[in-house]
Amino acid sequence: MPEQPAGRQMPVPARLACPAECRADHPWRAHHDRLLDVETDPDAVVDLFETAVTWAELEYPEETTIPPARWVEFADRHRWRDPERARRIFSLAADAALRGTRVTAPTALDRAVGMTEGLGDGICPTLVPATPPRHLRVAP
């Protein structure tokens with residue numbers, strides 16, 4: 001292979017076109033490409049799970065971040081060396097992200113043990129303190 005003249009560098013090849021036909025000019029493109037890195041870059045997996053566990057607490061810009069509800073679809077639409085592993089990674093991350101935002105109805109067990117909002121809704125009555133709570137004082 002011929003050597004390059006001093007001071008000239010070979011251009012870095014651009015990422016190949018997305019096999020899922022994602023638009024190259026889409027505002028999600030940087031996040032899209034970072035998600036594609038989860039198969040080859042351990043730091044990308046850590047980034048994905050950091051996003052997942054903080055999804056409900058932090059505000060991620062909707063215009064530049066692919067939401068967790070679309071991560072499994074993302075995994076299914078792209079090509080991977082190990083598609084099963086990629087789907088597991090994205091499924092676990094999406095599940096972790098969406099657990100923090102999910103509002104669930106009370107389960108039968110919650111109602112049975114009185115863990116719902118109404119007092120005495122379950123089998124066991126809600127216990128009301130017999131005396132007002134005492135506050136400890138620090139000795140002078």
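Scanning the range 29-59 for residues that are of a type in the set (Ser, Thr, Tyr) and over 11 Å from the mean Cα position of the chain (by Cα) yields a single hit, THR40. Looking across the range 40-63, the residues that are without any contact (Cβ under 8 Å) to a residue 12 or more places away in the chain and either out of contact with any Gly (no Cβ under 9 Å at 6 or more places or on another chain) or of a type in the set (Phe, Trp, Tyr) (or both) come down to THR40, ASP41, PRO42, ASP43, ALA44, VAL46, GLU50, LEU58, GLU59, TYR60, PRO61, GLU62. Candidates are the residues of the range 17-63 that are surrounded by 13 or more Cβ atoms within 10 Å (Cβ to Cβ) and among the small types (Gly, Ala, Ser); the one that is modelled with the lowest pLDDT is ALA20.
The values are calculated or read from the model by the stated rules, or taken from the named source; none is laboratory data. Note that the structure is predicted; figures quoted are calculated from it, not measured. All Cβ positions, glycine included, derive from the backbone under ideal geometry; neighbour counts span all protein chains shown.
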